[in-house]
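What follows is one structure encoded as structure tokens, with my remarks underneath.
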Amino acid sequence: MIGDERAPAAWSRRHLLQAGLAAAAGIAAPALAADAGAGDLAGLSRQVRGRFLTSADAGYDDARRVWNKAYDRRPLAMARCADVDDVRRCVEFARRHALPVAIRGGGHSYAGWGVADGALQVDLGALDRVTIDPQRRVASVGGGTRIKQLLAASYAQGLITPMGACGEVGVAGLALAGGDTAARGLYGTACDNIIGAQLVTADGEVLELGPGRNDDLFWAIRGGGGNFGVVTRLDLQLHPILPSHNLGFRFGWNDIGAAMRVFGELMRTAPDYVRMGFEVDPAAGAAFGCRVYGSEVLAGDYFAILHKAFPRVESRLSPTRLDPVGEVWDTTNLAVDAAFLEGVDDALAAVLERAALAGRGFGAILMGLSNGKAARIGMTETAYPLRGTGLSSMISAEWQRPEDRERAVSWVAEHGGALRPWATRAYVNYLPPSSPDRIREAYGVNHPRLAAIKAHVDPDNLFRSNQNILPAPAA
């Protein structure tokens, strides 16, 4: 069934996220001098209805922690906003005092973007109301809603919208960057299902976005992340829940390159109702997984194709069950890098196999098929740049002991770099903190329009704790 269901063990993201932090590239942004003093912050704290913390307050250290422990940042203050007015007050304060704003939703960003040194953190965790309209098939969610809250409410109505596999992740953080989700072939990515939004701009204006309403911003937030303001509500299209059937093949550490080449051929002809992925788990090695949405007969017909493709590999059928919590990922230290691969030729398969073997015991590789509806949407119809059939790929490495950090970071940097000849586009939620040049490459043809919109709505780059799109220079 479609959702953040338990994926087959052969390609579960839970097993792939054995990873760590790639060395952060410096992010070029205007150097804004912060002049907010203790008295100014005290005044803001009296205006904000929600919890307000500075480094002098008990609970500050717990509140500033994010899921990826590799990022240990100290904001100037943190406001857990109670409503949209709190958000607006915080943004206006940050603008007056030239403070960067860090927007925290679920706190699960791989690059730790929910917190930033010297920033005013706008914590949306209390804005988590979910409303389901079953007749219109629309879900409206607050900017701090987590996936498990949305899915629990929509499942109760027999409806679903494409979401990720971990229920603790924030809906907005996933969807605004695109949403690398299951069922992309049938329903598109998460951002393709955004039909409306409420956004607080750098000027403190509260805008409604949607078709015919602030069209440039509506285009930009569907893939451009949190660069353009604080999204305090999202309206998402819902779809009927369909049965699904899972089949997995495990290869271990033998002939990984050959298995990847077969996967590369299968991706070219996969129908819309098929979701497939290839993983290299640090402990178990390589595996391929497939999910078919629809009838048991439809699944059986497609699984017969897979058995022919992997005739000597044992397979395993597994059930799907609805579970809004999904996979539970403990906090960790993680390094990541990403690439959108348009195929797997012999040379690329060799590069990926070398990476897998070099990372045995600590490094993971994930390649998820993007096909069908998500692939057919035009490159410039939304800001999300990963159109056309391809593999949205992430390499990652995890460490728990400080002495293992360098190994993890180096492996990700080396092998992430080795993929660049095959890909400049990438899913920005899978990237480490990246330079303006890398972000320009990731967005490709859409970057100039995004930079122009950024210059119009946030010329001082107040919202830069993200994969930052720099404002276009004045003409």
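Can you work out which of the residues in the stretch 411-434 that are of a type in the set (S, T, N, Q) and crowded, with 19+ Cβ neighbours inside 10 Å is farthest from Asp216 (Cα to Cα)?
Ser434
Val141 meets all of the listed conditions (1) in contact (Cβ under 8 Å) with a residue 60 or more places away in the chain; (2) within 23 Å of Arg275 (Cβ to Cβ) but one, namely (2).
Do we have any residue at all in the stretch 177-187 that's at pLDDT below 95, crowded, with 24+ Cβ neighbours inside 10 Å and basic (Lys, Arg)? Yes, the stretch 177-187 has at least one match. Taken together, the residues in the stretch 387-421 that are under 30 Å from Gly188 (Cα atoms), among the small types (Gly, Ala, Ser) and assigned to a helix (DSSP H, G or I) amount to 3. Mind counting the residues in the stretch 176-229 that are assigned to a helix (DSSP H, G or I) and touching a helix residue (DSSP H, G or I) at 6+ places or on another chain (Cβ under 8 Å)? Residues that pass the stated criteria total 13.
Of everything in the stretch 266-307 that is among the basic types (Lys, Arg) and either over 25 Å from Ala356 (Cα atoms) or under 23 Å from the mean Cα position of the chain (by Cα) (or both), the residue that is surrounded by the most Cβ atoms within 10 Å (Cβ to Cβ) is Arg275. Here the stretch 433-475 is the region considered, the condition is being aliphatic (A, V, I, L, M) and touching a residue at least 40 places away in the same chain (Cβ under 8 Å), and the residue that is farthest from Val230 (Cα to Cα) is Val445. Scanning the stretch 435-464 for residues that are of a type outside the set (Phe, Trp, Tyr), part of a loop (DSSP other than H, G, I, E, B) and either at positive phi or surrounded by 23 or more Cβ atoms within 10 Å (Cβ to Cβ) (or both) yields Asn461, Leu462, Arg464.
The listed residues are Val280, Val262, Val297, Val231, and the only one of them that is assigned by TED's automatic domain parsing to the domain that holds Ala182 and at pLDDT 95 or above turns out to be Val231. Taking the criterion of being of a type outside the set (D, E, K, R) and in contact with a Ser or Thr (Cβ under 8 Å, 6 or more places away or on another chain), the residues of the stretch 429-463 that qualify are Asn429, Tyr430, Ala442, Gly444, Val445, Asn446, Val457. Ala350 meets each of the listed conditions (1) closer than 23 Å to Gly264 by Cβ; (2) buried (at least 18 other Cβ atoms within 10 Å of the Cβ) apart from (2).
Which of the residues spanning the stretch 336-372 are more than 23 Å from Glu441 (Cβ to Cβ) and of a type in the set (D, E, K, R)? Asp346, Glu353, Arg354, Arg360, listed by residue number. Whenever a residue of the stretch 286-310 is touching a residue at least 12 places away in the same chain (Cβ under 8 Å), its partners that are among the basic types (Lys, Arg), lying with C-beta atoms within less than 6 angstrom and at least six residues away or across chains, give the pairs Ala287/Arg250; Arg291/Arg275.
Does Ile377 count as out of contact with any Ser or Thr (no Cβ under 6 Å at 6 or more places or on another chain), outside the structural domain of Glu168 (by TED's automatic domain parsing) and over 28 Å from Ile194 (Cα atoms)? Answer is no for this residue.
Give the stretch 240-259 a look and list any residue that's touching a Phe, Trp or Tyr at 6+ places or on another chain (Cβ under 8 Å) and either within 28 Å of Ile160 (Cα to Cα) or not assigned by TED's automatic domain parsing to the domain that holds His307 (or both), or say none. The answer is Ile241, Leu242, Pro243, Ser244, His245, Leu247, Gly248, Phe249.
Being part of a loop (DSSP other than H, G, I, E, B), small (Gly, Ala, Ser) and surrounded by fewer than 24 Cβ atoms within 10 Å (Cβ to Cβ) is the requirement here; does Gly164 meet it?
On the way: part of a loop (DSSP other than H, G, I, E, B): yes; small (Gly, Ala, Ser): yes; surrounded by fewer than 24 Cβ atoms within 10 Å (Cβ to Cβ): no.
Criteria not met by Gly164.
Would it be correct to say that Val313 is more than 25 Å from Glu168 (Cα to Cα), assigned to a loop (DSSP other than H, G, I, E, B) and hydrophobic (A, V, I, L, M, F, W, C)? It is true that Val313 is more than 25 Å from Glu168 (Cα to Cα), assigned to a loop (DSSP other than H, G, I, E, B) and hydrophobic (A, V, I, L, M, F, W, C). Looking across Ala111, Ala94, one residue alone is crowded, with 24+ Cβ neighbours inside 10 Å, farther than 19 Å from Asn429 by Cβ and not β-branched (Val, Ile, Thr). It is Ala94. For the stretch 93-123, a tally of residues being in a loop (DSSP other than H, G, I, E, B) and either among the small types (Gly, Ala, Ser) or more than 17 Å from the chain's Cα centre (by Cα) (or both) returns 15. Pairing each residue of the stretch 409-432 that is among the polar types (S, T, N, Q) with any residue that is in a helix (DSSP H, G or I), provided the two are 6+ apart or on different chains, yields C-beta distances under 9 Å for Thr424/Arg438; Thr424/Glu441; Thr424/Ala442; Thr424/Gly444; Asn429/Gly173; Asn429/Leu174. On the phi > 0 side of the Ramachandran plot and modelled with pLDDT of 95 or more: does that describe Gly372? Yes; evaluated as a whole, the condition is true for this residue.
The values are calculated or read from the model by the stated rules, or taken from the named source; none is laboratory data. Small disclaimer: the values here were computed from a predicted structure and weren't measured. Using ideal geometry, Cβ is built from the backbone for each residue, glycine included, and neighbour counts are taken over all protein chains shown.
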